[in-house]
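A.B. asks: Quick one: the structure is below, and I'll ask about it shortly.
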Amino acid sequence: MAERRIPLRRREDNEIEFSRIVAFSDGVFAIAITLLVLQIEVPQGATSSSELWHAILRQDGDLYAFAISFAVIGRFWVVHHRFFTEVRGFDGRLLTINLVFLFWMVSIPFSSQVLGEYGGEASAVIIYAANLALATLTSALLTTYALRAGLTTEGRSKEIRTNRNGGLWACAVFLATIPVAAINPHIAPLIWLALFFDPTQRIARGAGDR
């Protein structure tokens, strides 16, 4: 049987269904970001404050992975939220791409825990970087499809493309760390600091000033 394709639906005519799509996505983000904290164990048997702090800080790898993953998922949610405020229509392909994106989102707690427990191993860094690279790439694909299919607000394509290009920059950063991790897994995470120096945003601001 041929796969039944959901036809194009305008947001204003299907507001309830559209709200369910956004609510489902937000729920996945909420679950993923909550699961991150489960990788941090509550110390057992501590008999003093110093022992308690020592036991907590001994989980420095897990704490680092939790902090960076919380920031990453939070950033993904902000971008995803802004994107869907500009969506004025949806179809089956948009929903499918969004589900694939959410799959990579809900995978982050697993790859984050692997990074926290085996941060010194190349495979742990590669798994984490690949997870985030695939998430950012799928997010960019979601935006690109919506733009080409005419599902976004008219006159806002420039802002939407700017956000997409920022995601592609993040994807490039995570992909760049994979070969570095194969050589030195301790240096690779430092490259992630490049995420705070997104050249696509500066280019967009410069073009806006002209």
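The values are calculated or read from the model by the stated rules, or taken from the named source; none is laboratory data. Since this is a predicted model, take the numbers as computed values, not measurements. Please note: Cβ atoms are built from the backbone with ideal geometry, for glycine as well, and neighbour counts cover all protein chains shown. We work out accessible area using only protein heavy atoms, side chains counted, and drop any ligands, DNA or RNA first. Shrake-Rupley method; radii C 1.70, N 1.55, O 1.52, S 1.80 Å.
A.B. asks: From largest accessible area down, sort S139, S112, S157; use a 1.4 Å probe on the protein chains.
C.D. replies: Of S139, S112, S157, the descending order of accessible area is S157, S139, S112.
A.B. asks: From the phi of every residue in the range 72-84, what ³J(HN,Hα) in whole Hz does the Karplus formula 6.51 cos²θ - 1.76 cosθ + 1.60 yield, where θ is phi - 60° and glycine or proline is x?
C.D. replies: The phi angles translate into 5, 5, x, 5, 4, 5, 4, 5, 5, 5, 5, 4, 6 Hz.
A.B. asks: Rounded to the nearest 10 Å², what accessible area does H80 show when all protein chains are kept and the probe is 1.4 Å?
C.D. replies: 10
A.B. asks: Heavy-atom accessible area per residue, the chain, 1.4 Å probe: how many Å²? Kindly include the intermediate steps, with their values, before the conclusion.
C.D. replies: Values: 12230 Å² over 210 residues.
For the chain, the per-residue accessible area is 58 Å².
A.B. asks: Also, I was wondering about something else. Near the amide H of G89, under 5 Å away, which other amide H atoms are found, from residues 5 or more places off or on another chain, if H is placed in the peptide plane?
C.D. replies: For G89, the qualifying residues are R11.
A.B. asks: Right, here's the next one. Measure off, as a whole percent, the carbon and sulfur share of the 1.4 Å-probe accessible area of the range 52-210, all protein chains present.
C.D. replies: The computed percentage sits at 66.
A.B. asks: Under the rule of -39500 (n - 2.57) per DSSP H run of 4 or more residues, summed and divided by the residues of the chain, what mean residue ellipticity at 222 nm is obtained, to the nearest 500 deg cm²/dmol?
C.D. replies: -24500 deg cm²/dmol
A.B. asks: To the nearest 20 debye, what is the magnitude of the charge dipole of the chain about its Cα centre, counting +1 on the Cβ of each Lys and Arg and -1 on the Cβ of each Asp and Glu? If you can, show how the numbers build up before the last one.
C.D. replies: Working: 19 positive and 18 negative charges, 208 e Å.
So the magnitude is around 1000 debye.
A.B. asks: So how much accessible area does Y145 have, in Å² to the nearest 10, using a 1.4 Å probe?
C.D. replies: 40
A.B. asks: Which one, (1) 1.01; (2) 1.05; (3) 0.94, gives Rg/Rh (Cα atoms, Kirkwood Rh) as derived from the coordinates shown?
C.D. replies: Label (2) holds the value from this structure.
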